[in-house]
Amino acid sequence: MTRVWVAGLPAPQGSKRHVGRGRLVESSKKVKPWRTAVATEAEKADFGEPPYVRVVAWFYLPRPKSHYRSGRFAHLLKPSAPRLPGKYPDVDKLARSTLDALRMGGAYADDAQVVTLHAHKRFAEFGEVPGAMIEVSEGGL
């Protein structure tokens, strides 16, 4: 098993939009920096060459400022703040952008090699850096 930490803002892979002459571009400007960060960390790691791959990813998302109290209690959450990010971004779209970036970084040759995927999202706690902890190991049944 190889584990990598990627600091940064996890970004979902969204839809592509047509810009003319058969060209498609990502709708979100946040995807490219996220993919670059994941690919860079993947290039540093040694994943070997397993024929089947298992990926487990924990995404740590930043909390909106509106979840925190103000003044001297700015480090405390409001009682109404949700425990988990139940809305945007979708965990499957976070996984899509990350799996593509892992392939770009050499973790595996083809996305089709991923036979098991576990993706989790949660808020980064006060003082934690947003990002993702990603484990890649040989998969199979």
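Computed values, structure above
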{"item": "Lysine pair count for region 40-141 [Cα-Cα under 21 Å; pairs on different chains or 8 or more apart]", "result": "7"}
{"item": "FRET efficiency, 1/(1 + (r/R0)^6) with R0 41 Å, evaluated for Glu135 and Arg72 via beta carbons", "result": "0.55"}
{"item": "Region 2-105: relative contact order in percent, alpha carbon pairs under 8 Å with at least 6 residues between", "result": "39"}
{"item": "Folded to 0 to 90 degrees: helix 31-44 orientation relative to the chain principal axis, Cα", "result": "60"}
{"item": "Cα convex hull of region 102-141 - mean projected area over all directions, nm²", "result": "3.8"}
{"item": "List Glu43, Glu49, Glu135, Glu125, ordered by accessible area with a 1.4 Å probe, largest first", "result": "Glu49, Glu43, Glu125, Glu135"}
{"item": "Computed lengthening from Glu125 to Ala81, 0.36 nm per intervening residue step minus Cα-Cα distance", "result": "14.6 nm"}
{"item": "Neighbour-limited loop hits for trypsin sites (Lys or Arg not before Pro), region 34-73 (at most 16 other Cβ within 10 Å; DSSP other than H, G, I, E, B)", "result": "Arg69"}
{"item": "Accessible heavy-atom area order of Met1, Met104, highest first, probe of 1.4 Å", "result": "Met1, Met104"}
{"item": "Environment charge at Gly8 (Cβ cut-off 12 Å; Lys +1, Arg +1, Asp -1, Glu -1)", "result": "+2"}
{"item": "Under the Karplus curve 6.51 cos²θ - 1.76 cosθ + 1.60, θ = phi - 60°, whole-Hz ³J(HN,Hα) for region 48-56, x wherever Gly or Pro sits", "result": "x, 9, x, x, 10, 10, 10, 10, 10"}
{"item": "Per residue solvent-accessible surface (Å²) - the chain, probe of 1.4 Å", "result": "63"}
{"item": "Fraction in percent of alpha-carbon pairs per bin - 5 Å, region 58-114", "result": "4, 15, 19, 14, 12, 10, 9, 8, 6, 2, 0"}
{"item": "Rg ratio (alpha-carbon, reference 2.2 N^0.38 Å) - region 1-125", "result": "1.23"}
{"item": "Net +/- balance of residues flanking Leu77 in space, Cβ distance below 14 Å, scoring K and R +1, D and E -1", "result": "+4"}
{"item": "Angle in degrees between helix 91-104 and the longest Cα principal axis of the chain, rounded to the nearest 10", "result": "40"}
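The values are calculated or read from the model by the stated rules, or taken from the named source; none is laboratory data. Note that the structure is predicted; figures quoted are calculated from it, not measured. Heads up, the Cβs are rebuilt from the backbone with ideal geometry, glycines too, and the neighbour counts pull from every protein chain shown. Accessible surface areas use protein heavy atoms only, side chains included; no ligands, DNA or RNA. Shrake-Rupley method; radii C 1.70, N 1.55, O 1.52, S 1.80 Å.
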